[in-house]
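A short worksheet on the structure shown next.
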Amino acid sequence: VQLVESGGGSVQAGGSLRLSCAASGGIFSMDTVGWYRQAPGNQREMVAILIGGGSTNYADSVKGRFTISRDNAKNTVYLQMNTLKPEDTGVYFCYRKVIVLSREYWGQGTQVTVSS
């Protein structure tokens with residue numbers, strides 16, 4: 001099972017970015033997928049989660065600004081980030097819980113930097 005993120009970068013406050021995470025292995029459509037982030041000096045925190053049935057959960061700080069989605073045909077999960085704020089800066093990690101293996105996996109992380 002591998003997770004490969006892309007789409008990070010630098011943007012000014014108010015801008016947008018779209019993160020992608022391409023997955024391999026397992027039965028992607030059944031799995032819980034999500035995005036976490038970690039700012040310097042802080043613990044890793046949940047940003048958005050999408051379970052196999054379609055339910056989503058977002059951190060309060062990103063509700064209304066971020067949208068998580070998946071394309072099961074492409075084994076890819078996305079995070080659309082709008083109205084970005086400097087406090088959104090951090091390394092964003094793709095997450096996948098492979099149901100058939102009962103194991104969790106993480107991507108390598110992609111840097112998002114939002115300047116004021």
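Leaving out ligands and nucleic acids, and using a 1.4 Å probe, what accessible area per residue does the chain come to in Å²? Mind dumping the intermediate values first?
Working: 5850 Å² over 116 residues.
Value for the chain: 50 Å² per residue.
Shown in residue order for the stretch 25-32 are the 3J(HN,Hα) couplings computed by the Karplus curve 6.51 cos²θ - 1.76 cosθ + 1.60 at θ = phi - 60°: x, x, 10, 4, 5, 8, 8, 7 Hz (x for Gly and Pro). Could you give me the ³J(HN,Hα) list for the stretch 3-10, computed from phi with Karplus coefficients 6.51, -1.76, 1.60 and θ = phi - 60°, whole Hz, x at Gly and Pro? Here the 3J(HN,Hα) series is 10, 10, 8, 7, x, x, x, 10 Hz.
For the chain, rounded, prolate or oblate, judged on the Cα gyration tensor with a ≥ b ≥ c (square roots of eigenvalues), a/c < 1.5 rounded, else prolate if a/b > b/c? Prolate. The string of couplings for the stretch 42-59 from the Karplus curve (6.51, -1.76, 1.60, θ = phi - 60°) is 10, 7, 5, 10, 6, 9, 7, 10, 9, 8, x, x, x, 6, 10, 9, 10, 5 Hz, one whole number per residue in order, with x for Gly and Pro.
What does the C-alpha gyration tensor say about the overall shape of the stretch 60-116? Classify as rounded when a/c is under 1.5, otherwise prolate if a/b is larger than b/c, or oblate. The shape class here is prolate.
The values are calculated or read from the model by the stated rules, or taken from the named source; none is laboratory data. Here the structure is a predicted model, which means the values were calculated and not measured. Just the protein is used for accessible areas: all its heavy atoms, side chains included, with ligands, DNA and RNA removed. Shrake-Rupley method; radii C 1.70, N 1.55, O 1.52, S 1.80 Å.
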